[in-house]
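Enquirer: One structure, pasted below without further comment.
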Amino acid sequence: MNAVTLGPAGTYSHRAARAVAAEVSFRESVTAIVDAVASGEFERGVVPIENSIEGSVSESLDALADHEVAVTREVVTPIRHALLAQSSEFDLVASHSQALAQCRNWLEANHPDAGLEAVASTARGVERAREDARVAGIGHPDNAGDDLEILAADIQDRTSNATRFLVVGPTSARSDAGGKTTLIVYPNANYPGLLLELLEAFADRNLNLSRIESRPSGERLGDYLFHFDVEAGLYEDHMAKAVEDVEAIADNGWVRVLGSYDTQHVLE
């Protein structure tokens with residue numbers, strides 16, 4: 001099986017993807033990854049969906065809403081950030097925007113005068129550090145290689161830092177089996193109690209929502225769609241009936257059921 005994820009090699013996405021496929025290719029954006037899977041170019045894609053410090057990744061939420069794909073697995077991996085540079089003399093710190101945010105307090109306390117530059121991935125930030133002695137990158141300490149120093153390790157603001165990745169596949173890979181289900185709901189309506197009705201479809205059946213997010217639909221200002229993660233599989237009767245209720249509530253819009261899946265933990 002081949003998989004595509006955020007590149008270049010050495011990103012945290014790459015680490016998660018290696019748990020899914022032996023052959024891993026790279027793209028520079030989450031949207032490009034999901035599009036490559038939806039078009040059939042790759043069998044699987046691995047995209048970051050949620051971080052324990054910074055929350056959900058909005059580009060991933062939007063890409064899943066814009067493409068017809070399925071979720072086949074989630075991969076959870078701890079995030080260990082290190083500051084990597086050619087020397088301790090640098091003026092700029094480059095990394096993915098999420099990584100910069102996850103180390104915000106540490107950077108302000110230890111390098112308050114350093115500029116910050118958001119790049120496409122943590123590995124791209126490390127590449128910038130290799131190319132320019134004035135730049136430090138934030139990435140996994142293993143990315144230092146022989147030409148960069150690990151100036152500081154475990155610089156994330158919380159030791160519990162972890163990221164959840166979704167493994168996406170074609171719609172034919174959608175499954176009803178698994179302990180968690182993801183669905184996206186676009187009600188195409190706005191009235192008092194709408195969200196409550198959607199939530200009651202799950203609450204009335206004692207189904208736990210582990211995540212709910214709203215995102216602009218892109219159709220008009222003030223119009224939203226909702227992402228739900230439910231701790232139940234579609235094979236369970238009460239989950240299937242909850243989806244039926246949600247589809248009835250959103251009959252003017254649409255409901256995209258991405259499928260049921262299980263969780264894999266990758267420690268390194």
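Enquirer: I'd like the accessible area for ASP245: 1.4 Å probe, protein heavy atoms, all chains in place, Å² to the nearest 10.
Expert: Surface open to solvent at ASP245 totals about 60 Å².
Enquirer: Cβ under 13 Å from ALA177's Cβ, ALA177 left aside: what net charge do those residues give with Lys, Arg +1 and Asp, Glu -1?
Expert: Combined, the nearby Lys, Arg, Asp and Glu give 0.
Enquirer: Please pull out the direction-averaged projected area of the chain, using the convex hull of its alpha-carbon atoms, in nm² to one decimal place.
Expert: Working: hull surface 60.3 nm².
Answer in nm², one decimal: 15.1.
Enquirer: Quick one: the Cα spread of segment 77-183 along its three principal axes, in angstroms, biggest first?
Expert: 54, 26, 21
Enquirer: About its Cα centre, what dipole magnitude does the chain give when the only charges are +1 on Lys and Arg Cβ and -1 on Asp and Glu Cβ, stated in debye to the nearest 20? Intermediate results must be reported in sequence, preceding the final value.
Expert: Details: 21 positive and 43 negative charges, 53 e Å.
Rounded to the nearest 20 debye, it is 260 debye.
Enquirer: OK, next. Compute the long axis of helix 122-131 from its Cα atoms, compare it with the longest principal axis of the Cα atoms of the chain, and write down the angle in degrees, 0 to 90, nearest 10.
Expert: 20 degrees
Enquirer: Tell me, what does the Kirkwood hydrodynamic radius of segment 132-267 come to in angstroms if you use every pair of distinct C-alpha atoms? Don't jump to the answer; show the numbers that get you there.
Expert: Numbers: mean 1/r = 0.0559 Å⁻¹.
Radius from the Kirkwood sum: 17.9 Å.
Enquirer: With every atom except the alpha carbons ignored, what do you get for Rg and Dmax of segment 1-72, in angstroms?
Expert: So, for segment 1-72, Rg and Dmax equal 11.3, 33 Å respectively.
Enquirer: Here is a further query. Want the number for SER56 to GLU117: 0.36 nm per residue separation, take away the alpha-carbon distance, what's left? Could the numbers behind the result be given before it?
Expert: Working: separation 61, 0.36 × 61 = 21.96 nm, distance 2.06 nm.
In short, 19.9 nm is gained.
Enquirer: Let me ask something else about it. What does the charge count near THR31 come to, summing +1 for each Lys or Arg and -1 for each Asp or Glu among other residues with Cβ under 12 Å from its Cβ?
Expert: Working: positive: ARG27; negative: GLU28, ASP35, GLU59, ASP62, ASP66.
Local charge sum for THR31: -4.
Enquirer: Taking the dipole about the Cα centre of segment 101-215, with the C-beta of Lys and Arg at +1 and of Asp and Glu at -1, give me whichever of GLN102, SER210, GLY193 is farthest to the positive side.
Expert: It is GLY193.
Enquirer: Charges only on Cβ, +1 for Lys and Arg, -1 for Asp and Glu: so what's the dipole of segment 1-150 about the Cα centre, in debye to the nearest 20? Display every interim value, and only then the final one.
Expert: Numbers: 11 positive and 24 negative charges, 76 e Å.
The calculation lands at about 360 debye.
Enquirer: What size of dipole, in debye to the nearest 20, comes out for segment 66-150 about its Cα centre when the only charges are +1 on Lys and Arg C-beta atoms and -1 on Asp and Glu C-beta atoms? Let's see the in-between values first.
Expert: Working: 7 positive and 15 negative charges, 46 e Å.
Dipole of segment 66-150, to the nearest 20 debye: 220 debye.
Enquirer: First select every other residue whose beta carbon is under 12 angstrom from the beta carbon of SER160; then total the charges, Lys and Arg +1, Asp and Glu -1. It would help to have the intermediate numbers written out before the result.
Expert: Details: positive: ARG80, ARG158; negative: ASP154, ASP157.
Charge balance near SER160 sits at 0.
Enquirer: With N residues in segment 1-128, what two-decimal value do you get for its Cα radius of gyration over 2.2 N^0.38 Å? Please report the intermediate quantities before stating the final value.
Expert: Numbers: Rg = 15.5 Å, N = 128, 2.2 N^0.38 = 13.9 Å.
Segment 1-128 yields a ratio of 1.11.
Enquirer: List the residues whose amide H sits under 5 Å from the amide H of LYS180, counting only those 5 or more places along or on another chain, with H placed 1.01 Å from N in the peptide plane.
Expert: Placed amide hydrogens put ALA232, TYR261 under 5 Å from LYS180.
Enquirer: Take the alpha carbon atoms of segment 246-267, find their center, do the same for segment 49-96, and report the distance between the two centers in whole angstrom.
Expert: Answer, in whole Å: 22.
Enquirer: Any chance you could run the full-extension gain for HIS265 through ARG134? It's 0.36 nm times the residue separation minus the Cα-Cα distance, nm to one decimal.
Expert: Working: separation 131, 0.36 × 131 = 47.16 nm, distance 3.62 nm.
Going from the current span to full extension adds 43.5 nm.
The values are calculated or read from the model by the stated rules, or taken from the named source; none is laboratory data. All values reported here derive from a predicted model rather than from experimental measurement. Quick reminder, even Gly has a Cβ in these numbers, built from the backbone with ideal geometry, and neighbours come from all protein chains shown. Quick note on the areas: whole protein, heavy atoms, side chains included, nothing else; ligands and nucleic acids left out. Shrake-Rupley method; radii C 1.70, N 1.55, O 1.52, S 1.80 Å.
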